[in-house]
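Chemist: Can you read through this structure? Questions will come right after.
The values are calculated or read from the model by the stated rules, or taken from the named source; none is laboratory data. Keep in mind it's a predicted model, so treat the numbers as computed, not measured. Ideal geometry is used to build each Cβ from the backbone, glycine not excepted, and the neighbour counts take in all protein chains shown. Just the protein is used for accessible areas: all its heavy atoms, side chains included, with ligands, DNA and RNA removed. Shrake-Rupley method; radii C 1.70, N 1.55, O 1.52, S 1.80 Å.
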Amino acid sequence: MAWDEWEQLKQGAGQPPAGEGSGQPGGLKSVQLLVLTGLLLGGCGMADSDTSDPSGTEASGIPYAGIATTDDVVGAVKNASSQIHDFAGVPGKASEPGPGVKECEGRGKDSFQVYHPWNFMPYAGTDNDIAMANFKEKLSRGGWVLKDSYIDNSPNKNLNLIADNDSRKLSVWIVGYNRNDVPSIGIEVVSACYRVPEGQTVDHY
């Protein structure tokens, strides 16, 4: 998906989880998840393998990254979430749910994508701004590329950050809910689309 297409679509898209009592959805809807992961570029997967997609790159709109086990990709997404947690640079509490695994639409039962929606709540509400500033800085280096930073159209005018890590085949969407009664930060880490090795099945979490 071209970046200008994303620019047109994102204004009406949902947002990552906003925390308890926020009234926001608990994660990206499937079409929004597809839009976000459409930002990823094609290329090598978790292991050296043929990254040509036998079902075609347009099958789901999500880039194909090669062959990997679900455990490998879940581990990579967990590591990215842990790194992003460290990027916050302020003390706080992260929500408990771990990554999920879903089939890549149109690519068959042996295809999968990993997604991890979670929430970070600084112990001091005033630290939300500091954490968002830290995210913006840290997601501009070390393999991460900040693709967009914008204020959304919600009544609270939340700051949104979107970044890709091409070498790790991951994208992250971060939203700062600074004006909620309890300020928090919604985070969604998503992978590209993979296929399990021949003879294996997708493990759904």
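Chemist: Arrange the peptides 172-182, 93-103, 77-87, 146-156 so that the one whose residues have, on average, the most other Cβ atoms within 10 Å appears first. Kindly include the intermediate steps, with their values, before the conclusion.
Modeler: Numbers: 172-182: 20.9, 93-103: 15.0, 77-87: 17.5, 146-156: 13.4.
So the peptides 172-182, 93-103, 77-87, 146-156, ranked by packing, come out 172-182, 77-87, 93-103, 146-156.
Chemist: 5 Å is the cut-off here: which amide hydrogens, built 1.01 Å from N in the peptide plane, fall below it relative to Asp148, excluding neighbours closer than 5 in sequence?
Modeler: Amide H neighbours of Asp148, under 5 Å, 5+ apart: Ile162.
Chemist: Return the Rg/Rh ratio of region 116-205 with Cα-based radii and a Kirkwood Rh. Write down the numbers at each step before the final one.
Modeler: Working: Rg = 15.7 Å, Rh = 14.6 Å.
Here the Rg-to-Rh quotient is 1.08.
Chemist: I need the Debye-formula profile for region 88-139: one equal scatterer per C-alpha, no solvent, reported as log10 I(q)/I(0) at q = 0.12, 0.18, 0.19, 0.20 1/Å, two decimals.
Modeler: Each listed q maps to, in turn, -0.44, -0.69, -0.72, -0.75.
Chemist: What's the carbon and sulfur percent of region 92-205's accessible surface, probe 1.4 angstrom, rounded to a whole number? All intermediate terms of the calculation are to be shown ahead of the outcome.
Modeler: Numbers: 2570 of 5120 Å².
The value for region 92-205 is 50 percent carbon and sulfur by accessible area.
Chemist: So, one more: Relative contact order for region 56-197: what is it in percent, counting Cα pairs under 8 Å that are at least 6 residues apart?
Modeler: On the way: 288 pairs, mean separation 42.5, N = 142.
For region 56-197, the relative contact order is 30 percent.
Chemist: Check region 85-205 and count each lysine pair with an alpha-carbon distance under 27 angstrom, considering only pairs eight or more places apart or from different chains.
Modeler: Close lysine pairs found across region 85-205: 17.
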